[in-house]
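Note sheet for the following structure.
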Amino acid sequence: MCYYEKTHFDACGHDTFRLMQHCHFARNDPGHQCFGAWNVKREHLQSRVECKDCTARRAALKTNGVISNSVHVIQTAR
Ligand SMILES: [Zn+2]
Ligand SMILES: [Zn+2]
């Protein structure tokens, strides 16, 4: 099995995995494929941070004007 580094993003709840090291099965395979279980060697917590996908999606939405940051303040008469 290969070694992975896991990062958990608190803001969106996603996990991303980054390959750290191939096992000898994957190294000997021409396509570097591994059929073993993943072994998470390190775990990181990114608190209040979104993963790359969510950050990119949010940025795309913002430029398309789908998400509006304007806040409508309704004043009530007393
Ligand atoms: Zn492996
Ligand atoms: Zn995410």
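Here, each number is a calculation from the coordinates, and none is a lab measurement. The model shown is predicted, which means the values in this text are computed figures rather than measured ones. Virtual Cβ from ideal backbone geometry, glycine too; neighbours counted across all protein chains shown.
For the residue pair Cys12 and Arg58, what label-to-label distance in nm results when each label sits 7 Å from Cα along the Cα-to-beta-carbon direction?
So the label points at Cys12 and Arg58 sit 0.8 nm apart.
Can you compute the modelled spin-label distance between Lys41 and Tyr3, with each label point 7 Å from Cα toward Cβ, in nm?
Label at Lys41, label at Tyr3, 0.2 nm between them.
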